[in-house]
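Notes for the one structure printed next.
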Amino acid sequence: MTQSAAAATLSPAPSFGGISGNTLVRFGAKFGPAIVFGHQWWRLVTAIFLHGGLLHIGFNLWCLFDLGPIVESLFSTTKFILIYLVTGVAGFLLSFWLRTLSMVPSVGASGAILGLIGILIAASFHHGSLGKAYRSQLWRWVIYIFVFSLLPGVDLAAHVGGFVSGMALGYIIPEGEPASRSEENLWNALAVLSVLVIAGSFALMALHLGQAVR
């Protein structure tokens, strides 16, 4: 099946209301056939920043506004940028691997948000009794979100991939601001690279969109 034929068979019903599946695919949703047949790997990045409707983006923004500042203050702004991108992409990579030719597009920041929860849970083990108390609150977040993930149209694999990658990064990435100038330069470079990857992915999306409407 070609990419265009696959896209033509999409269901018009959006996962969270408000935006159709065809529209989401056009603007960069994670869509297996487009990645396989069109080699559009940039979709693993652009999909993080797309949402299916007001309910979808509203819930993710609520979680991000609650968790984002905590991760940023605990690790630093430059590390936060990399963490958010890597966990978001990891979530969609797992989703793509498990459902390579799925005809259902997937979008949203939920994988990255689960990544933030995962990295906070991993970091909490370094903070004794205080970390233990906070960890129990975070696990409640995980339970609520994964119960929600069982609803139709929700990409459970992306949630799992984001969470697991966040847990892994929590054991690898040191907390706090960079301890030396060389370390600071490294994280600054990684943050800039992350921003360039995001900008480049959307540039490729715009180029593809422009070619499609000709």
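The values are calculated or read from the model by the stated rules, or taken from the named source; none is laboratory data. As the structure is a prediction and not an experimental result, all values here were calculated from the model. Methodologically, a virtual Cβ is constructed for each residue, glycine included, from the backbone with ideal geometry; neighbour enumeration extends over all protein chains shown.
One line per residue, one yes/no per condition, for (1) surrounded by 23 or more Cβ atoms within 10 Å (Cβ to Cβ); (2) closer than 25 Å to residue 35 by Cβ:
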{"residue": "76", "(1), (2)": "no, no"}
{"residue": "80", "(1), (2)": "no, no"}
{"residue": "101", "(1), (2)": "no, yes"}
{"residue": "123", "(1), (2)": "yes, no"}
{"residue": "129", "(1), (2)": "no, no"}
{"residue": "137", "(1), (2)": "no, no"}
{"residue": "144", "(1), (2)": "no, no"}
* **Criterion violated by residue 122 - all others in (1) under 25 Å from residue 27 (Cα atoms); (2) modelled with pLDDT of 85 or more; (3) small (Gly, Ala, Ser) satisfied** => (1)
* Asked: residue 139 versus (1) farther than 16 Å from residue 170 by Cβ; (2) without any contact (Cβ under 8 Å) to a residue 60 or more places away in the chain; (3) not β-branched (Val, Ile, Thr): which is the lone unmet condition?
  -> (1)
* Taking the range 24-37 only, how many residues are in contact (Cβ under 8 Å) with a residue 40 or more places away in the chain and over 15 Å from the mean Cα position of the chain (by Cα)? -> 8
* Asked: Does at least one position in the range 30-39 carry a residue that is surrounded by fewer than 20 Cβ atoms within 10 Å (Cβ to Cβ), modelled with pLDDT of 90 or more and over 17 Å from residue 96 (Cα atoms)?
  -> no
* Inter-residue pairs, beta-carbon under 7 Å, first within 16 Å of residue 121 (Cβ to Cβ) and in the range 52-77, second surrounded by fewer than 16 Cβ atoms within 10 Å (Cβ to Cβ), 6+ apart -> 74/175; 75/175
* Identify all residues within the range 154-175 that are part of a loop (DSSP other than H, G, I, E, B) and surrounded by 15 or more Cβ atoms within 10 Å (Cβ to Cβ); write none if there are none. => 154, 155, 173
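Within the range 40-63, can you find the residues that are assigned to a helix (DSSP H, G or I) and modelled with pLDDT of 95 or more? Can you show your working first?
Step one: filter the range 40-63 for residues assigned to a helix (DSSP H, G or I), giving 43-49, 54-63.
Hits for the range 40-63 are 43, 44, 45, 46, 47, 48, 49.
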* Pull up the range 142-153, narrow it to residues that are outside any loop (DSSP other than H, G, I, E, B) and out of contact with any Phe, Trp or Tyr (no Cβ under 9 Å at 6 or more places or on another chain), then point me to the one that is nearest to residue 173 (Cα to Cα). => 143
* If we keep just the residues of the range 77-105 that are of a type in the set (Gly, Ala, Ser) and at pLDDT 95 or above, which is nearest to the chain's Cα centre (by Cα)? -> 88
* To do: Inspect the range 139-150 for any residue being farther than 19 Å from residue 31 by Cα, of a type outside the set (Phe, Trp, Tyr) and under 17 Å from the mean Cα position of the chain (by Cα) and give the result as yes or no.
  => yes
* in a helix (DSSP H, G or I) and without any contact (Cβ under 8 Å) to a residue 40 or more places away in the chain - does that describe any residue in the range 117-125? -> yes
* Asked: Of all residues in the range 151-182, which are touching a helix residue (DSSP H, G or I) at 6+ places or on another chain (Cβ under 7 Å) and closer than 19 Å to residue 105 by Cα?
  -> 154, 155, 157, 158, 159, 160, 161, 162
